[in-house]
Amino acid sequence: MLYKIAIFLHVTGALLFFATMAMEWLFISLLRKETNISRLKDPLSGYAKQSKLGGASMALMLITGVYMTATVWKETAWIPVALISMVLIGAIGGIVTGRRMKKIKNIVKNNASRPAENQLIVHGRALRYSLQTRTTIFFGIILLMTIKPGWTGSIITIALSILIGTIPAGSRRVPSRQ
C-alpha cells in the first residue's frame, strides 16, 4: 500500500513540476516581450512563486523516488541516471536561471539606468537555454521511467535530451548593443 501511495505522490510531483515549467515558459515569454523594465514586477513576482512550487515538487519526486528505489527497484540502471539528471536540472536552474533572475530583479528594483545592458540581461539567450535544456532533460527522464533502459541507453537518452535542449535557443536573435 505504501508503494502505491509513493507512486501517486511521485506522479503528482512530476505533474506539478511540469506545470511549474509551463508557468516558467510563460513568465520568460512575458519578460522577453516587455520593453519597459519597470513593468517586469508582476512577472517576477509570479516567477518567484512558481520557483518555490517547482522546488517543492522536485523534492516530492526525489523523496518518493528514493523510497521506491530502496523498496522495489533496487539496482536498476536508469534510476541513477535519472537522479543525476534531476540534480542537473536543479543546478542549471539555480546557476543559470536563478542568477539571471536575481540580476533582473535588481534591475527592476533599482530602476537601473543602463538600457542596453539591461536589455541584454532580460532578453539574452541564457534564460531560454536554461529552460529549454531543463525541459528536454525532464522529458528525457520521463522517457527513462517509461522504457527503463540499461546504462548505455539511459546515458544516450539524457545526452540527446541535453543536446536537443540547446539547439533551438541558438537560432534566436539577441538584441544588439547599440
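The values are calculated or read from the model by the stated rules, or taken from the named source; none is laboratory data. Not measured: the values here are computed from a predicted model. FYI the Cβ positions are ideal-geometry reconstructions off the backbone, even for glycines, and counts take in every protein chain you see.
Mind listing just one residue for me: the one in the stretch 19-31 that is of a type outside the set (A, V, I, L, M) and surrounded by fewer than 16 Cβ atoms within 10 Å (Cβ to Cβ) and, of those, farthest from ASN111 (Cα to Cα)?
In this case the residue turns out to be TRP25.
Given the conditions (1) exposed (fewer than 14 other Cβ atoms within 10 Å of the Cβ); (2) in contact with a Lys or Arg (Cβ under 9 Å, 6 or more places away or on another chain); (3) of a type outside the set (A, V, I, L, M), and given that PHE8 satisfies all but one, which numbered condition is not satisfied?
So PHE8 meets the others, but not (2).
Being surrounded by 15 or more Cβ atoms within 10 Å (Cβ to Cβ), among the hydrophobic types (A, V, I, L, M, F, W, C) and modelled with pLDDT under 95 narrows it down to one of LEU120, LEU144, LEU88, so name that one.
LEU120
Of the residues TYR67, TYR47, which is aromatic (Phe, Trp, Tyr), surrounded by 13 or more Cβ atoms within 10 Å (Cβ to Cβ) and at pLDDT 90 or above? First the steps, then the outcome.
Working: TYR47 fails: at pLDDT 90 or above.
The match here is TYR67.
Of the residues that make up the stretch 78-85, is at least one more than 25 Å from SER154 (Cβ to Cβ) and either out of contact with any strand residue (DSSP E or B) (no Cβ under 6 Å at 6 or more places or on another chain) or loosely packed, with under 12 Cβ neighbours inside 10 Å (or both)?
no
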